[in-house]
Each structure stands twice: as structure tokens, then as C-alpha cells.
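*Asks:* One structure follows; several queries about it will come next.
The values are calculated or read from the model by the stated rules, or taken from the named source; none is laboratory data. Bear in mind the structure is a predicted one, so any value in this text is a computation, not a measurement. Cβ sites come from the backbone with ideal geometry, for glycine too, and all protein chains shown count toward neighbours.
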Amino acid sequence: MKSNSPQPETRNGARILLTGAAGFIGSHTAEQLVMNGHQVIGLDNLSTGHLSNLNNLRGNQNFEFIEANVLDEYRFNRVMKQFQPHTIIHLAGLVSVVQAQQEPAINFSLNVQATDLIARSAVANGTRRVVFSSSAAVYGDLEEYMIHEDSPTRPIGLYGAAKLASENLLLGYARSYPLEVVCLRYFNVYGDRQDPKNPYSGVISIFSDRFSAGKPVKVFGDGEQTRDFVSVRDVARANRLAATVNEIQSGSRNICTGQSRSINDVVQIFQSIYPEAPNPDYAESRAGEILHSCGNGGYAAMMLGFEPYVSMEDGLSDLVAVQNLANYSANFVSPARRSTVPKEAAAQ
Ligand SMILES: NC(=O)c1ccc[n+]([C@@H]2O[C@H](COP(=O)([O-])OP(=O)(O)OC[C@H]3O[C@@H](n4cnc5c(N)ncnc54)[C@H](O)[C@@H]3O)[C@@H](O)[C@H]2O)c1
């Protein structure tokens, strides 16, 4: 899945303000930016993110973390004035589709109002570009098999509606002020640091958690529903490219693989990694579930030089390897500590 597209020129040593930096996608994005020589301020209120996600960046002089709420306008503007970023990557938000339905006011403030605050601050501080984490949820349940950016946008719930409202708002700012805006419509993102404890997490993090514990997974319907699963490493690279390519046209871009995989495919890949795993339990299909979703990533390839590198097989093996390492480290007792561990505990 290596890119054959010509790679556009990117800016070196950019100053980037990253909201939602301690989250799943944010922490991977922060690492990729810093690894590529950019200077990053990560802002997060740790509501769903974790400081431990940023362990790899601890002590790195090109990364600074600020614990703050994006809705705290005074504080946000102060950070903007001090740091004067070239680009803001805005990932902080309410991510749970179910919570967005149940608590529309929170959905509005986090997924729309915060976007407006960020755009106003960007304009006031001469920030050149805003990259926004939108979602394939803006399309809703389309008949089309391959979804491209000109496909109709008919979100079926408040989460997708808020993402679409934010896109429109940001693109309105781009037409009104000297501000570039790139809205990235991520499809189904998976990878390590996605919290499986959250019942609204992606299916892959839930499956991974259950397979590693030797428990059966639950598949709704016949398992033939398909999704376009994209690795978080590819999404982080898309964020980096969107933030740093020199020339850009404001607009919305799909971030996807262009390949759909069924839930049964995902189960099979996990079964090949965990051959002893019990068979899945099949349950009645969920009302209103979208059956098929696959993105066309042509625009992102053309405009950002982005194409996915990570195959599903590699992405899932990678996820399992990272999880095994984390479990091993959590259970590891160093030789120095071992002598202080009570005998009974050490024997377990
Ligand atoms: N994960 C996916 O499959 C997916 C798909 C499409 C779009 N997105 C979007 O990508 C973005 C990142 O999602 P994620 O999966 O990494 O979720 P996440 O929950 O891991 O990350 C969101 C981060 O934002 C922080 N945050 C929330 N409210 C905040 C506030 N008021 N102030 C400061 N920080 C705040 C959280 O603490 C968390 O660290 C979200 O905007 C989400 O809607 C995610």
C-alpha cells in the first residue's frame, strides 16, 4: 500500500498547536510531528485522553503539554498569543456518537462551539491553517458503495451533523479571511491507545481486548457488514501532511483506505493471531446500523500526497504486539524490585 503519488513539498520546523493531544489519534499525531522535526504544543483537558499516551514524548524539547479546556477562551487565546502557531490541528471533541445523541448540548459546545472559538482565535493571531478532525459520519447512510467528497452529506445523528456544521463554519472562515482550512473525514480508525473500556469504542479495539483475554467476541448480524478501516498511524500521517504541505486548497478530504473489509474478515485475522480463540457469538443485527461504508481517497492522494501504508493484517498484528508489550511491562517485576516483593505475591 505504498504511495505512488508525487509527494508535495512540506514545511520544515513548523509550530503546531494540537488540541486533543493526549487522545488516541492526538498522541500518534504528536509523535509523528515531533519525529519529523516540528514543534508541538499539545493541549488537552484529559477528559477521555491520558497523559500516559504521551510517554514517548516525555522530556522532548520539541513537545510541550498544556492541560486546558479548549472551551476556556481566555486561556486558549493566551496560549495562541504566546506560541503563535503556523497551524492548529483540532482533534479535541466529543467522540461518542451515543453521548452526542443523549447530550446534545455537550455535542454542540464541544463539536461546534469549540471549532468556532478556534477559528476566531486563528484569524486573530494570524495562524495560517486549521486542520479539523471530521468524520465519515457526515455522509450518513448512503446508497453509494464508494463514497467520495462530492457524495451527498446526510448525517443520521447529531455527532455527524455537528461535524458537518463545523466543516461548513470553518470553510466559511476560509472564504472570509486569509485562513486555510483542511477538514479530514476519517473513516473507521483503529490502533493502539484506542480505549476498549469505552463501550462506544471502535469494534477493533473491543475485539482486540476480548481476543487477548481469550473471550468470545459478539458480532451483530451476519458479520458481512463492511467498513473502511484505517490505521491510526496512517491517520496521524494524514494529519501531519495536511498541517505541513506548502500548497493547499481549502476543503474536505476523505482519509480512508479505499478498501472495505467485513467484520467476519476482521474476526478471521484475529483468529489467525489467536488460533485458540473461541468462536464469535452472533447476535441480532442492530437497528439503523450502516451496512457498507468505503471511502474514495483520491483527493487526499492528489492534494496531500496521502495514501495509506498499513494493511489491515499488518495493522492488527502491530496492535496485538503493542498490547502484548504493554501487558508484559505492566506485569514485569524488575530484579531490583523482586527482592522486595513478598514471596506469596512473587509466586503467583
Ligand atoms: N476514532 C475514530 O474512529 C474517529 C473517526 C472520525 C473522527 N474522529 C475524530 O477525531 C478526533 C479525535 O478522536 P479520538 O478517537 O482520538 O478520541 P479521543 O477521545 O481519544 O481524543 C479526544 C481528545 O480530546 C480531549 N478533549 C475532549 N474535550 C476536550 C476539551 N474540552 N478541551 C481539551 N481537550 C478535550 C480528550 O481528553 C481526548 O484526549 C475527535 O474529534 C473525533 O471526533 C475520530
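*Asks:* Does Gln61 count as more than 17 Å from the chain's Cα centre (by Cα) and either assigned to a loop (DSSP other than H, G, I, E, B) or in contact (Cβ under 8 Å) with a residue 24 or more places away in the chain (or both)?
*Replies:* In short, yes.
*Asks:* Now, a different point. List every residue pair whose Cβ atoms sit under 8 Å apart, with the two residues 6 or more apart in sequence or on different chains, where the first one lies in the stretch 18-40 and is on the phi > 0 side of the Ramachandran plot and at pLDDT 95 or above and the second, anywhere, is of a type in the set (Gly, Ala, Ser) and more than 8 Å from the ligand (Cβ to nearest atom).
*Replies:* Gly37/Gly13
*Asks:* Give, as residue ranges, the strands (runs of 3 or more DSSP E) completely inside the stretch 222-312 that count at least 3 residues that are in contact (Cβ under 8 Å) with a residue 12 or more places away in the chain and not charged (D, E, K, R).
*Replies:* By residue number, 229-231, 251-255.
*Asks:* Residues in the stretch 161-202 that are without any contact (Cβ under 8 Å) to a residue 24 or more places away in the chain and of a type in the set (A, V, I, L, M): how many?
*Replies:* Matching residues across the stretch 161-202 total 1.
*Asks:* Pull out all pairs, ordered by first then second residue, where Cβ-Cβ is under 8 Å, the residues are six or more apart or on different chains, the first lies in the stretch 92-105 and is closer than 20 Å to Asp44 by Cα and assigned to a loop (DSSP other than H, G, I, E, B), and the second is more than 8 Å from the ligand (Cβ to nearest atom) and among the hydroxyl-bearing types (Ser, Thr, Tyr).
*Replies:* Val95/Tyr200; Ser96/Tyr200
*Asks:* Whether any residue in the stretch 158-180 is buried (at least 19 other Cβ atoms within 10 Å of the Cβ), more than 23 Å from Ser109 (Cβ to Cβ) and among the hydroxyl-bearing types (Ser, Thr, Tyr) is what I want to check.
*Replies:* No: the stretch 158-180 contains no residue that is buried (at least 19 other Cβ atoms within 10 Å of the Cβ), more than 23 Å from Ser109 (Cβ to Cβ) and among the hydroxyl-bearing types (Ser, Thr, Tyr).
*Asks:* Can you tell me which of Ala100, Ala122, Ala92, Ala137 is within 26 Å of Ser176 (Cα to Cα), within 15 Å of the ligand (Cβ to nearest atom), surrounded by 23 or more Cβ atoms within 10 Å (Cβ to Cβ) and among the hydrophobic types (A, V, I, L, M, F, W, C)?
*Replies:* Sole residue among the options that is within 26 Å of Ser176 (Cα to Cα), within 15 Å of the ligand (Cβ to nearest atom), surrounded by 23 or more Cβ atoms within 10 Å (Cβ to Cβ) and among the hydrophobic types (A, V, I, L, M, F, W, C): Ala92.
*Asks:* In the list Gly26, Gly42, which residue meets the criterion of being farther than 23 Å from Ile248 by Cα, in contact with a Leu (Cβ under 8 Å, 6 or more places away or on another chain) and not in a loop (DSSP other than H, G, I, E, B)?
*Replies:* Of the residues listed, the single one that is farther than 23 Å from Ile248 by Cα, in contact with a Leu (Cβ under 8 Å, 6 or more places away or on another chain) and not in a loop (DSSP other than H, G, I, E, B) is Gly42.
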